[in-house]
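Novice: Next up is a structure, given as structure tokens.
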Amino acid sequence: MRPLLSWAGWRAVLARTYSPGPSAGYRGASGAQGYVRNPPVGTCDLQGELDRFGGISVRLARLDALDRLDAAAFQKGLQAAVQQWRSEGRIAVWLHIPILQSRFIAPAASLGFCFHHAESDSSTLTLWLGEGPSRLPGYASHQVGVAGAVFDESTRKILVVQDRNKLKNMWKFPGGLSEPGEDIGDTAVREVFEETGIKSEFRSLLSIRQQHTNPGAFGKSDMYIVCRLKPYSFTINFCQHECLRCEWMDLNDLAKTENTTPITSRVARLLLYGYREGFDKIDLTVEELPAVHTGLFYKLYHKELPDNYKTMKGIY
Ligand SMILES: NC(=O)C1=CN([C@@H]2O[C@H](COP(=O)(O)OP(=O)(O)OC[C@H]3O[C@@H](n4cnc5c(N)ncnc54)[C@H](O)[C@@H]3O)[C@@H](O)[C@H]2O)C=CC1
Ligand SMILES: [Mg+2]
């Protein structure tokens, strides 16, 4: 949730939009409504930022005197604040609680707040105040795993591993979970190197598998993406913790063997087709483009588009 104004700006907004109730707010020595510099010990002043949807976001880490506040005073303050926000027509409350202030979770839950998500150092709870069922977006629905199909065109060999931690030892592509902020291709290259010692570079995206109720996904769905990589080192030095075996296998053999997972078998056949007929038949290549609103950049994956279609020059 991105504040549209600076924190000081929001305080000014809140001074106009938020008039504190008896315990939800305390008018400090400054006299400014809704802005408390030094709330007395044991009272609870809950100010928040207004978001563009009409919700209020309260960050407990920003409140003064939090260490001296007990759970009962917090609950009273929160109840009064919620009443106030409801009367002002706010649609939701987002409550961000640092892990060391987790004693405030139970009082918030008793007022109807539910967990939205947790990170390593904080949790976020929400309360829907609007009409009808909640329209708040949920948190992440998938975990993303990425594998690298490292294919050496000059020898027609492909890099495969057997997982040490699986009951059935089948050939598969090395890979693993993507880290926050990591590009798909970078995950594939990193995981291949960590698991096999092979250095490679990203060429294309080959397939996406979506699976729900995957046992290893903590109740979320699993997105498993296979990339085509080109090797530039060839000496295997595989990770003993994760892999039982690792080898360069002829692509024909991988495409025909039964000792593999269905997805590995299908991608091996796809690669064989690309190798024979041209990789442009199977590759989703990547391009970086600018995001219109944020000025950030993103990666877009699709089948190759001729330059004249990209520019629309000479296209009627
Ligand atoms: N069909 C296929 O070929 C397969 C696809 N996948 C996909 O690959 C992705 C995950 O790749 P992985 O290689 O499993 O992940 P990964 O390479 O990121 O991590 C695996 C390693 O993490 C550690 N680990 C995982 N869970 C653990 C736990 N509960 N306790 C302690 N250590 C633990 C173990 O050291 C394990 O060897 C998922 O998207 C999954 O769907 C996984 C296996 C086979
Ligand atoms: Mg792995």
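The values are calculated or read from the model by the stated rules, or taken from the named source; none is laboratory data. Here the structure is a predicted model, which is why all the values come from computation and not from measurement. With ideal geometry, Cβ positions are generated from the backbone for all residues, glycine too; neighbour counts draw on all protein chains shown. Heads up: the accessible areas ignore ligands, DNA and RNA and are worked out on the full protein's heavy atoms, side chains in. Shrake-Rupley method; radii C 1.70, N 1.55, O 1.52, S 1.80 Å.
Novice: Between Pro290, Gly185, Tyr232, whose Cα lies farthest towards the positive end of the dipole of the chain when Lys and Arg beta carbons carry +1 and Asp and Glu beta carbons carry -1, centred on the Cα centre?
Specialist: The residue sitting farthest along the positive end of the dipole is Pro290.
Novice: When the helices in the chain are scored as -39500 (n - 2.57) per DSSP H run of 4 or longer and the sum is shared across all residues, what 222 nm value do you end up with, to the nearest 500 deg cm²/dmol?
Specialist: It comes out at -7000 deg cm²/dmol, rounded to the nearest 500.
Novice: With a 1.4 Å probe and all protein chains left in place, how much accessible area per residue does region 92-205 have, in Å²?
Specialist: 48
Novice: For the full complex of protein chains and a 1.4 angstrom probe, list Met223, Met312 by accessible area with the highest value first. Let's see the in-between values first.
Specialist: Numbers: Met223 55, Met312 105 Å².
Most to least solvent-accessible, the answer reads Met312, Met223.
Novice: Could you run the Karplus curve 6.51 cos²θ - 1.76 cosθ + 1.60 with θ = phi - 60° over region 122-131 and give me ³J(HN,Hα) per residue in whole Hz, x for Gly and Pro?
Specialist: Rounded to whole hertz, the list is 7, 10, 10, 10, 10, 9, 7, 10, x, 5.
Novice: For region 98-224, restrict the atom set to alpha-carbon positions and state the Rg and Dmax in Å.
Specialist: Rg, Dmax (Cα atoms, Å): 20.3, 66.
Novice: Short version: ³J(HN,Hα) in whole Hz for each residue of region 167-175, in order, from phi by Karplus 6.51 cos²θ - 1.76 cosθ + 1.60 (θ = phi - 60°), x for Gly and Pro, what are they?
Specialist: 6, 9, 8, 10, 6, 8, 7, x, x
Novice: Right, another one. Under unit Cβ charges (Lys, Arg +1; Asp, Glu -1), what dipole magnitude, rounded to 20 debye, does region 142-281 have relative to its Cα centre? Mind showing how you got there, number by number?
Specialist: Numbers: 19 positive and 19 negative charges, 93 e Å.
Once rounded to the nearest 20, the dipole reads 440 debye.
Novice: A further question on this structure: Restricting to bridges with both residues inside region 142-281, how much of the DSSP beta-bridge set is antiparallel, in percent to the nearest 5? Please report the intermediate quantities before stating the final value.
Specialist: Numbers: 24 of 34 bridges.
Here the share of antiparallel DSSP bridges comes out near 70 percent.
Novice: Straight-line reach from Lys313: which lysines have a Cα under 26 Å away, not including same-chain ones fewer than 8 places off?
Specialist: Cα-Cα hits under 26 Å: Lys281, Lys299, Lys303.
Novice: What is the calculated FRET efficiency for Asn259 to Leu177, with r their C-beta to C-beta distance and R₀ = 30 Å, to the nearest 0.05?
Specialist: Efficiency at R0 = 30 Å is approximately 0.75.
Novice: Towards the positive end of the charge dipole of the chain, with charges on Cβ (+1 Lys, Arg; -1 Asp, Glu), say which of Thr196, Ala147, Leu136 has the farthest Cα.
Specialist: Most positive-ward Cα: Leu136.
Novice: A further question on this structure: Would you mind putting 233-241, 301-309 in packing order, based on average other-beta-carbon counts within 10 Å, highest first?
Specialist: Numbers: 233-241: 12.7, 301-309: 10.9.
With the highest mean Cβ count within 10 Å placed first, the list reads 233-241, 301-309.
Novice: Can you tell me the mean projection area, over all orientations, of the convex hull of the chain's alpha carbons? Units nm², please.
Specialist: Values: hull surface 92.5 nm².
For the chain, averaging the hull's shadow over all directions gives 23.1 nm².
Novice: Same structure again: Size of the dipole of region 49-128 about the Cα centre, Lys and Arg at +1 and Asp and Glu at -1 on the beta carbon, nothing else charged, in debye to 20?
Specialist: Here region 49-128 has a charge dipole of around 200 debye.
Novice: In whole percent, what relative contact order does the chain give with Cα contacts below 8 Å and a gap of six or more residues?
Specialist: Numbers: 582 pairs, mean separation 35.0, N = 316.
This gives 11 percent for the chain.
Novice: Follow-up. Any idea of the accessible area per residue across region 209-308, 1.4 Å probe, to the nearest Å²?
Specialist: For region 209-308, the solvent-accessible area averages 66 Å² per residue.
Novice: If only Cα atoms are counted, what is the Rg of region 142-281, and what is its Dmax, in Å?
Specialist: Radius of gyration, then largest Cα-Cα span, for region 142-281: 14.1, 42 Å.
Novice: Heads up, I need the accessible area for Glu201: 1.4 angstrom probe, whole protein in place, Å², nearest 10.
Specialist: The value for Glu201 is about 80 Å².
Novice: Hey, another quick one. Taking all protein chains as present, what is the carbon and sulfur share of the accessible area of the chain, in % to the nearest whole number, probe 1.4 Å?
Specialist: On the way: 9630 of 18000 Å².
On the chain, the fraction of accessible area on carbon and sulfur atoms equals 53 percent.
Novice: Can you tell me the dipole magnitude for the chain around its Cα centre, using point charges on the Cβ only (Lys, Arg +1; Asp, Glu -1), in Debye to the nearest 20? Walk me through the numbers on the way to the answer.
Specialist: On the way: 37 positive and 34 negative charges, 144 e Å.
In total the dipole reaches around 700 debye.
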